[in-house]
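Trainee: Questions regarding the structure given below will be posed in turn.
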Amino acid sequence: MIINHPILGPRDSAEFTYMGDAALLDRPDWQAKDALAQFIDYGYLRDNPAGPHQELWYHEQGDRSFLVVTRDTTTHEISSVKLANDVARSRGRST
Amino acid sequence: MRYSGLRVIKEALTGHKGWKPAWRDVAPQAQYDYIVIGGGGHGLATAYYLARNHGAKKVAVLEKGWIGGGNVGRNTTIVRSNYLLDGNEPFYEHSLKLWEGLEQDINYNAMISQRGILNLVHSDAQRDAFTRRGNAMILNGADADLLSTETIQKRYPFLNVHNARFPIKGGLAQHRGGTVRHDAVAWGYARAADQLGVDIIQNCEVTGFRIEGGKCLGVETSLGYIGGGKIASCVAGSSGRLMAKANMRLPIESHVLQAFVSEGLKPVLPGVITFGAGHFYCSQSDKGGLVFGGDLDGYNSYAQRGNLPVVEDVCEGAMAIFPMLGRVRLLRMWGGIMDMSMDGSPIIDRTHIKSLYFNGGWCYGGFKATPASGWCYAHLLATDTPHEFAKAYRFDRFEKGQMIDEKGVGNNPQLH
């Protein structure tokens, strides 16, 4: 698979380490009343869709950036690649 | 019809006109006591043991394609019980014992061959770890044998014990491990279950669950609605897709695992051998092809094909210990979808929906578990209590912090 890195252009997926569902960007608030339930969900349950899947790829052999890649799990086709930083900021987070 | 050597001779002399289909082709009834979804090894074994051990009468196995066409026909056929943890080892040892008596039990030649499995050791630390594992196996009634480099060299002269980077320092052998003809397992269980009255319904895809008031009443299928007293999901590899129809999220990711077969060779490889410094394992089929595999591709996938980096990695592993394979040609390679659970261990449990049960999360160790999985799942379905060998395989182990993590890598499904 070729991942079209937003800064570095097309890179071989072998340069990356897969880090799982991009929902992991949204860590629960540890002070919430139901924080325990939220963390169990966050740590262990997955949507695991057959189809488009937003996921984290870490450019370990490259610029060490985290990317949010939208990839179809039934075809491996990649439809969008964004910097995880940009995705987190667009959700109102500082980093 | 009972299969026997005598029957083969009789049929040979009479033009093979007496053979009958191994199982009936039936249309679904309106209502069953038990509906097992998935006609793979585990589903068929579950149906068989439901009928055999628990006297269940109205049992159906629903299969969306043809039986044995999923992961039971895609694996690398190895059986073993060389696990470390208490939650796992008694279960897998029970499975290996069932394998040992399976052919007589189901009257079917599954070509069970206890040719042994050898896990190679490449460092002192690894020898310590394997010694511990061997002791855990022996404590649970399995067999384990720590072999010296000299013994290994004598038994397997083709191994490169002097590899500069990963010299072979010994190995942990389980002589009762081996290989089984995987298709025959599905066919044998299907035939045996059919003879006990189980309806095996092929080309019948489950498209939804009928759930009312928190209770599952039956399944919607491509052949219409079928009611069931207890509904048992048993579709490892597709668990995510199926359970999504019941709005369930699982502690599972689906990943692709590739496997490989070489051209046929004369007998060169006695038993199963695994490389301890990379991820590579290999055995030789009775047809002569070398059957081997390695790591997952490592990303969520429902596509039954992998990518080239893993092919390269697996072949490098092969060359590191079997330099003799350098000019062997690859015949076939394929990918299968694994239910990768959060701790690398399976789930056999009730769900929060009444009368809906779940069996899955087998990662890439499901084949060897087939008999025990069916045995314990049937026990759960019939008695509503977990079998003693599968009592650790619960959904709630994650929130209770009781993970069964053989590799100790945490909740990273792609690393198990």
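Read-outs throughout are calculated quantities, based only on the coordinates presented, and are distinct from any laboratory measurement. Just so it is clear, the model here is predicted, and its values are computed rather than measured. Cβ atoms come from the backbone with ideal geometry, glycine included; neighbour counts cover every protein chain shown.
Trainee: Please report the Cα spread of segment B:360-416 along all three principal axes, rounded to whole Å, starting with the longest.
Mentor: In descending order, the Cα extents are 34, 27, 14 Å.
Trainee: Still on this structure: Roughly how crowded by other chains is peptide A:9-15, in terms of the mean Cβ count from those chains within 10 Å of each of its Cβ atoms?
Mentor: That works out to 2 on average.
Trainee: Expressed in whole Å with the largest first, what are the equivalent ellipsoid semi-axes of chain B derived from the C-alpha gyration tensor as the square root of 5 times each eigenvalue?
Mentor: 35, 26, 20
Trainee: To continue, here is another question. With no solvent and one equal point scatterer per Cα, compute the Debye intensity ratio I(q)/I(0) for chain A at 0.11, 0.17, 0.20, 0.22 Å⁻¹ and report its log10, rounded to two decimals.
Mentor: The computed values of log10 I(q)/I(0) come out as -0.35, -0.79, -1.01, -1.15.
Trainee: Under the rule a/c < 1.5 gives rounded, and otherwise a/b versus b/c splits prolate from oblate, where does segment A:45-95 land using the Cα gyration tensor?
Mentor: Oblate is the answer for segment A:45-95, as a/c is 1.5 or above yet b/c matches or exceeds a/b.
Trainee: A further question on this structure: What residues qualify as long-range amide H neighbours of B:Y32, i.e. H under 5 Å apart, gap of 5 or more or another chain, H built at 1.01 Å from N?
Mentor: Counting only residues 5 or more places away or on other chains, the set is B:G227, B:G228, B:G229.
Trainee: Quick one: compute the contact order of segment B:41-98, relative version, from alpha carbon pairs under 8 angstrom and 6+ residues apart, as a percent.
Mentor: 22
Trainee: Using all Cα-Cα distances in segment B:1-132, what percent lands in each 10 angstrom bin from 0 up to the longest?
Mentor: Histogramming segment B:1-132 at 10 Å steps yields 9, 27, 32, 20, 8, 3, 0 percent.
Trainee: Under the classification rounded if a/c is under 1.5, otherwise prolate if a/b is larger than b/c and oblate if not, where does segment B:147-237 fall, given a ≥ b ≥ c as square roots of the Cα gyration tensor eigenvalues?
Mentor: prolate
Trainee: As an exercise, take the mean of 1/r over every pair of distinct alpha carbons in segment B:258-416, invert it, and state the Kirkwood radius in angstroms.
Mentor: The Cα-based Kirkwood calculation yields 17.6 Å.
Trainee: Sticking with this structure for a sec: Which ³J(HN,Hα) values, rounded to whole Hz and listed in residue order, are derived for segment A:57-67 from phi using the Karplus coefficients 6.51, -1.76 and 1.60 in 6.51 cos²θ - 1.76 cosθ + 1.60 with θ = phi - 60°, glycine and proline given as x?
Mentor: 10, 9, 7, 5, 8, x, 9, 6, 8, 9, 10
Trainee: Find the relative contact order for chain B and round it to a whole percent, using C-alpha pairs within less than 8 Å whose residues are 6+ positions apart.
Mentor: 22
Trainee: Can I ask one more? Mind giving me the FRET efficiency for B:V268 and B:D33? R0 is 45 Å, r the Cβ-Cβ distance, nearest 0.05 is fine.
Mentor: 0.35
Trainee: I've got another one for you. I'd like the Karplus ³J(HN,Hα) series for segment A:72-82: coefficients 6.51, -1.76, 1.60, θ = phi - 60°, whole numbers in Hz, and an x wherever there's a Gly or Pro.
Mentor: Values per residue, Gly and Pro as x: 7, 6, 9, 10, 6, 6, 9, 9, 7, 9, 10 Hz.
Trainee: Determine Rg/Rh for segment B:58-167; Rg is computed over alpha-carbon atoms and Rh is the Kirkwood hydrodynamic estimate from the same atoms.
Mentor: 1.06
Trainee: Whole-Hz ³J(HN,Hα) for each residue in segment B:402-414, computed from phi via Karplus 6.51 cos²θ - 1.76 cosθ + 1.60 with θ = phi - 60°, x for glycine and proline: what do you get?
Mentor: 10, 5, 10, 10, 4, 8, x, 10, x, 7, 10, x, 6
Trainee: Excluding residues fewer than 8 places away in the same chain, name every one of the aspartates and glutamates whose C-alpha is closer than 18 Å to that of B:K154.
Mentor: Filter leaves B:D145.
Trainee: If you count, for every residue in B:243-252, the Cβ atoms of partner chains within 10 Å of its Cβ, what is the mean?
Mentor: Mean inter-chain Cβ contacts per residue within 10 Å come to 3.
Trainee: Shifting gears a bit: With the Cα gyration tensor of the protein assembly as shown giving a ≥ b ≥ c as the square roots of its eigenvalues, does the rule (a/c under 1.5 for rounded; else a/b larger than b/c for prolate; else oblate) give rounded, prolate or oblate?
Mentor: Oblate, since a/c reaches 1.5 and b/c is not below a/b.
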